[in-house]
1. From the list B:ASN132, B:ASN151, exactly one residue is within 14 Å of chain A (Cβ to nearest Cβ), surrounded by fewer than 24 Cβ atoms within 10 Å (Cβ to Cβ) and not aliphatic (A, V, I, L, M). Which is it?
2. Return yes or no: is A:LEU16 within 11 Å of chain B (Cβ to nearest Cβ), under 24 Å from B:GLY218 (Cα atoms) and surrounded by fewer than 16 Cβ atoms within 10 Å (Cβ to Cβ)?
3. List the number of the failed condition for B:ARG124; all other conditions in (1) among the charged types (D, E, K, R); (2) closer than 22 Å to A:GLU31 by Cα; (3) more than 14 Å from every other protein chain (Cβ to nearest Cβ) hold.
4. Within the range B:31-44, can one find any residue that is crowded, with 23+ Cβ neighbours inside 10 Å, touching a Leu at 6+ places or on another chain (Cβ under 7 Å), within 19 Å of B:VAL247 (Cα to Cα) and more than 14 Å from chain A (Cβ to nearest Cβ)?
5. When the range A:78-93 is examined, which residues are found to be open to solvent by less than 30 Å² (accessible area, probe 1.4 Å) and not aliphatic (A, V, I, L, M)?
6. Filter the helices (runs of 4 or more DSSP H) completely within the range B:66-128 down to those with at least 3 residues that are of a type in the set (D, E, K, R).
7. Would you please name the residue that is nearest to the other protein chains (Cβ to nearest Cβ), looking only at residues in the range A:35-54 that are over 23 Å from B:ASP175 (Cα atoms) and open to solvent by 40 Å² or more (accessible area, probe 1.4 Å)?
8. Name the residue that is nearest to B:MET214 (Cα to Cα), counting only residues in the range A:57-66 that are open to solvent by less than 50 Å² (accessible area, probe 1.4 Å) and without any contact (Cβ under 8 Å) to a residue 24 or more places away in the chain.
Amino acid sequence: MTLTTVRPRLSPKVRLRFDRRTGRHLLLYPERGLELNNTATAIARLCTGEWTIDEMLNHLARAYDDVSPNEIRREVCEFLDVLADRGLLQAMS
Amino acid sequence: MNNEHRPYTLIAELTYRCPLRCPYCSNPWDLAEHGNEIDTDTWLRVFHEAEELGVVQLNLTGGEPLLRDDLELLIEGAGKLDLYTNLITSGIPLTFERLSRLHTLGLDSVQVSIQSTRSSVSDRIAGAPSFNRKLDAMQWVTALGIPLTMNVVLHRENISEIEEIIALAERVSADRLELANTQYLGWALKNRAALLPTREQIERARTVAAEAKMRLRGKMEVLFITPDYYSEYPKSCMEGWGRRFIVVNPEGLALPCHLAHTISGLRFEHVTQRRLADIWHHSAGFNRFRGDDWLPDPCRTCERRAIDFGGCRCQTFHVMGDADMTDPACSLAPGHHHIESARTQAGRTTGIPVLFEYRTGRGCSSR
């Protein structure tokens, strides 16, 4: 996935749901689910098809100013790979 | 609240009625002896209680859930609880209009099973003309933009079609393909001699499925559910007894799996008589095989006990006559020779057609 022009969007089959048992978010899809940490939730929320990955990184860098940009970049790329592998992302260019 | 015993999925078996008669059906043998189906209000209350207990996924299954004429109300109710609702169906009887209505009411995904890619074989295994209607149903699902899982229960007679099965799943734009080797319980255990593939058949299918999984990565999820008869270790049945799943059967019995009530000596309770949370946390049946204390040798000291929890309790009971033993599918189990002899028999009878004994559900209750 190139970082400049692609605008990731969650597949319509995905549902982000707050889990009041754990205080975290779950990403639900057919017969499966992922439990997300706070960063992953923030990333998932930005996968609307409006943001390029670069814009997502900038936004997250402002929101999490205690985390280094490299660390944010690593987490975003890893999480987007997890989603793409499972067919949970559509890339809008 | 700890998450060790937290149900994420409610499997709602809405009815045992079904237009098909597959010889590996997981419904009980004694369908005629079962009582009345629970009503709409009871199901809606069960969904609510399940959601409070932590459930986020709802599988509507059966029998054939489309035979419930209150399916619309149930899906609408599940939608209000924000449950991710999966309909697990044969695709019969269905119309495009009804599917569209169910989708509008909150249906999130659909799983359609086929018996073979060849219509004559599929119809014969299903015991009813059904293949072409299943194709229609799958096309309606994807036309409406609903994620589709295509499920095929694999056995000796259809496992050599693996390439055609994958091609069909691609053709109907399935989102997931479940290549589910038969689990030898219920009707499948009765029909094991006719169903169990040879090791060569399994290995070939596994290789083809692995190749498809790589090729289709990110496009279609390909799941090859390994048959425990040909594994070294048992499956992690239901991800552990009373850990992640609750099954409620058509009569309202709450269970850790579809067949738990076929194990003699266990006591399970009805959702009409006790709150689901009480049943989940406190009933004798749900607690019977939780944790490590009940584990037999060699599981007790085995490092895999946290992975497979000693395997499948129902299989152990139905093969060994004692649910407290290690699953005989495990190569370390004292009863493993039962599985080995079934495999040997499968190797010997290659090519000899064996008759299926069909489930007959005609006499079972209807609402």
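The values are calculated or read from the model by the stated rules, or taken from the named source; none is laboratory data. Computed from a predicted model, the values in this text were never measured in an experiment. For neighbour counting, all protein chains shown are included, and Cβ atoms are generated from backbone atoms with ideal geometry for every residue, glycine included. The protein model used for the area step is the full one, side chains on, heavy atoms only, and it has no ligands, DNA or RNA in it. Shrake-Rupley method; radii C 1.70, N 1.55, O 1.52, S 1.80 Å.
1. Working: B:ASN132 fails: within 14 Å of chain A (Cβ to nearest Cβ).
After ruling out the rest, the residue left standing is B:ASN151.
2. Numbers: within 11 Å of chain B (Cβ to nearest Cβ): yes; under 24 Å from B:GLY218 (Cα atoms): yes; surrounded by fewer than 16 Cβ atoms within 10 Å (Cβ to Cβ): yes.
Here the answer is yes, as A:LEU16 does meet what is asked.
3. It is condition (2) that B:ARG124 fails.
4. For the range B:31-44, residues crowded, with 23+ Cβ neighbours inside 10 Å, touching a Leu at 6+ places or on another chain (Cβ under 7 Å), within 19 Å of B:VAL247 (Cα to Cα) and more than 14 Å from chain A (Cβ to nearest Cβ): present.
5. A:PHE79, A:GLY87 - these are the residues of the range A:78-93 that are open to solvent by less than 30 Å² (accessible area, probe 1.4 Å) and not aliphatic (A, V, I, L, M).
6. On the way: elements: B:71-80, B:96-105, B:119-126.
Answer list for the range B:66-128: B:71-80, B:96-105.
7. Going through the range A:35-54, the residues over 23 Å from B:ASP175 (Cα atoms) turn out to be A:37-43, A:46, A:50-54.
Next cut, open to solvent by 40 Å² or more (accessible area, probe 1.4 Å) only: A:37-38, A:50-51, A:54.
Details: A:ASN37: 15, A:ASN38: 17, A:GLU50: 21, A:TRP51: 20, A:ASP54: 22 Å.
Top of the filtered list is A:ASN37.
8. Initially, the range A:57-66 is screened for residues open to solvent by less than 50 Å² (accessible area, probe 1.4 Å), giving A:57, A:60-61.
Okay, now just the ones that are also without any contact (Cβ under 8 Å) to a residue 24 or more places away in the chain, so A:60-61.
Working: A:LEU60: 32, A:ALA61: 34 Å.
Among those residues, the one meeting the criterion is A:LEU60.
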